[in-house]
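Trainee: My structure is below; once you've seen it, I'll send some questions.
The values are calculated or read from the model by the stated rules, or taken from the named source; none is laboratory data. Being a predicted model, the structure only gives us computed values, none of them experimental. FYI the Cβ positions are ideal-geometry reconstructions off the backbone, even for glycines, and counts take in every protein chain you see. We work out accessible area using only protein heavy atoms, side chains counted, and drop any ligands, DNA or RNA first. Shrake-Rupley method; radii C 1.70, N 1.55, O 1.52, S 1.80 Å.
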Amino acid sequence: MPPRIPAFSCLRASACTPLRLTLPTRTFTSTARVQAESIERRKKRLASDPYIVAQRNQKKAANLSRRAELEEARVTSLGDPVRGLPTPFVQSFDTGKPITHEDAKKMPKDRTYLNYAFDPKSVKQQLKKSEELAIPLKAYAKPQNTRPLYPWGDPLQYQQAKENEKSAEETEEQKPDHHARAAEAIARITALENGSSKDRMRVNITRCVDTFGRHNTDRIFPPKAPSLTKSGAGNEAHRIRPETNVAAASKRVGPDTGSSEVQIAILTAKIRTLADFLQSRGKGDKHNKRNLRLLVHRRQKLLQYLRRKERGGPRWQHCIETLGLTEGTWRGEISL
């Protein structure tokens, strides 16, 4: 009997049997693990590929050079937004010593300051008084009707008595030397050069208040120019401004510490101290870099306000010329 050969099934789908779609099963961890491995491999390739590393360094160098060119162009046109121009008053912040101005220039007189908030005049008076009270002459008057001391008695009292038997002439000869040595010690203690940066900052703040405070500048500079009103500007005659504003200065009770020019001067002293610190030994100090940026932007706002209010008057010119501030300190965007 011949063998039976099975019939081939039709390759076409039969109409009676429905089509069943089955999705491939996958685990929850396989795709995430493969994706994570591919990301890690890509990071390693980007970090180790010499062509990609060289291209990245080239782009970074181009960006830094372009940024330096833009900053140099801004400094050339507008000036340094942090330091401005060097002036004698700003340079004296490093030592706290007074500076002398020209006779023709209207400026409040700067005075000498000592450490520990001492007044030089009072220190001089106290030294003169201490010279008189250091060694009273009554101590050298020999006592009358006293029992004489002998070497075979109390040796300590005998030695003290011998030391006290100095003549008044010897004491007067030694007195100037002792006083000069004491005065030199007081001068070194109260010298501002031997103080800390906090002491110099305190003195600089006081100097800024005395130099830019309106309790002093109102006696030198005239008041700001009156604004032009829209209605009747052509009919009304402009009043003549006085040479000084003594009337406003007499109404003040104490020193002016809150005006815009005083705050600008104080901020300039702090900015200079902080910029010198970051330039010398604060390269990675991000906290103080942020503080410097905040101080510069605060000064910029105050300068814009003072320029708008004073309308380029003498008080504005005095502030700008004394502190050496350029247009870069108040105009445009400041990026550090």
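Trainee: Within the stretch 272-319, report the trypsin sites (Lys or Arg not before Pro) that DSSP leaves as loop and that have at most 15 other Cβ atoms within 10 Å. Kindly include the intermediate steps, with their values, before the conclusion.
Mentor: Values: sites: ARG272, ARG281, LYS283, LYS286, LYS289, ARG290, ARG293, ARG298, ARG299, LYS301, ARG307, ARG308, LYS309, ARG311, ARG315; in loops: ARG281, LYS283, ARG311.
Those satisfying the criteria are ARG281, LYS283, ARG311.
Trainee: Moving on. If you take every residue apart from GLY254 with its C-beta less than 13 Å away from the C-beta of GLY254, what net charge results, scoring Lys and Arg +1 and Asp and Glu -1?
Mentor: Working: positive: ARG214, LYS251, ARG252; negative: ASP210, ASP256.
Net charge around GLY254: +1.
Trainee: Quick one: if the Förster radius is 25 Å, what FRET efficiency do LYS129 and LYS97 give, using the C-beta to C-beta distance and rounding to 0.05? Spell out each step's value before the answer.
Mentor: Working: r = 27 Å, r/R0 = 1.07.
The pair LYS129/LYS97 has a calculated efficiency of 0.40.
Trainee: Please compute the length gained on full extension between VAL246 and GLU172, using 0.36 nm multiplied by the number of residues separating them and subtracting their Cα-Cα distance. Intermediate values should be presented prior to the final figure.
Mentor: Details: separation 74, 0.36 × 74 = 26.64 nm, distance 5.28 nm.
Going from the current span to full extension adds 21.4 nm.
Trainee: Just to confirm, what accessible area per residue do you get for the stretch 234-297 at 1.4 Å probe, in whole Å²? Please list the in-between numbers first.
Mentor: On the way: 4330 Å² over 64 residues.
On a per-residue basis, 68 Å².
Trainee: Any chance you could look up the accessible area of LYS97 with a 1.4 Å probe, heavy atoms only, rounded to 10 Å²?
Mentor: 100
Trainee: In sequence order, what are the phi-derived ³J(HN,Hα) couplings for the stretch 272-284 according to the Karplus relation 6.51 cos²θ - 1.76 cosθ + 1.60 with θ = phi - 60°, rounded to whole Hz, with x for glycine and proline?
Mentor: Karplus-based 3J(HN,Hα) across the stretch 272-284 equals 5, 5, 6, 5, 5, 5, 5, 6, 8, 9, x, 5, x Hz.
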